[in-house]
Amino acid sequence: MTSIGGAEMVDWNLAVATATRLVRPGPEVSRDEAREVVAELRRHAKASEEHVRAFTRMIPDGHEPEDTPVLVVDRAGWVKANVAGFRELLSPLLEKMRERRSGTPGGAVLGAVGGKVTGVELGMLLSFLASRVLGQYETFAPASRELPAGATGGGRLLLVAPNIVHVERELDVDPHDFRLWVCLHEETHRTQFAGVPWLRDHLRNEIQSFLAATDMDPVTVLERLREAAQALAGARPEGERDEDGRSLVELVQTPEQREVLGRLTAVMSLLEGHADFVMDGVGPQVVPSVAEIREKFQQRRQRGASRLDLALRKLLGLDAKLRQYRDGERFVSAVVQQVGMDGFNRVWTSPNTLPTKAEIASPADWVARVHRKSE
């Protein structure tokens, strides 16, 4: 890993240790119940493949894409997997920082101290998220003995068993139906990347472009952080408004990053909205209580768990994540209504047929652009 004088720019081991120490314990379950939950999630993940492929028609009959493993993990396992993913994605940025700092007096000391501080901060963030994520398709997943991944450099499906059990109890829904419903959403993500071979590289390139545009000038970064803190505290000058209600993450970006983020937001809205559309589309056939689950789950998404939860969601930009589900599902639903599932699937033809951020909000514009020639 990138280091200066032996000191990592991010102390990844400290991040894992901090997160696992701070993360809240999961729900109480007996050993036998835990084994049954794990076994059922694996069965549902396998069954979801056929349901999702039949509904989406993204993978032709007789075609078997690269298999990616399904891992049922606890909260600590989710933390370890995500730290590994961060190391993979952030290595170019950290190398850039290393080169810039290596010529600075005291750079090695700053690297050692900064790595510890960043490790603790990352661990605190992951401890907050680790109790909330139900499942995750890891697109950029480096394989390890503890965490296997796809054979050609990416892909594993994580199902976080304690969180699934916690939410099904909180919502008071049928646990077997809820577990299958969650698996349908996550399996859709696995199908998206299995059925669209160019999608992983496209996302990686966009993320690397975002990181490459990072402003490395500390003075500029501090100035942006000051402005962000003022905005979030309501201390803007009189008459100056934050029309978008942007998060801390968005406020410290460069103009180049915001341009890339617009494209990434559109893609993520598509992927998340498509997964929600599929899970609800397949649901009535195989999940008897899907209507009750969806209603209760939407209410939970909107209200958050507490005032602190709502504040952290705003600060970290997680409210934008919730909008991606809503706006993306509306886009997919509208397009399927206009041109059918096969017409919608033209979205996966190439990066040029992906919707823009504006088209996510106006599906008819995407239909006009992509289907104009054939019409």
Point to revise | Prolate/oblate/rounded call for the range 119-165, Cα gyration tensor, a/c under 1.5 rounded | key: oblate
Exercise for review: Would you mind ranking 86, 210, 344 so that the residue whose beta carbon has the fewest other beta carbons within 10 Å leads the list?
Suggested key: 86, 210, 344
Point to revise | Using θ = phi - 60° and Karplus 6.51 cos²θ - 1.76 cosθ + 1.60, couplings along the range 174-190 (whole Hz; Gly, Pro as x) | key: 4, x, 5, 5, 5, 5, 5, 4, 4, 4, 4, 5, 5, 5, 4, 5, 5
Exercise for review: Going by C-beta contacts inside 10 Å, put 350, 289 in order with the fewest on the left.
Suggested key: 350, 289
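The numbers here are math on the coordinates, done by the rules we state, and not lab data. Keep in mind it's a predicted model, so treat the numbers as computed, not measured. We place every Cβ from the backbone using ideal geometry, glycine too, and count neighbours over all the protein chains shown.
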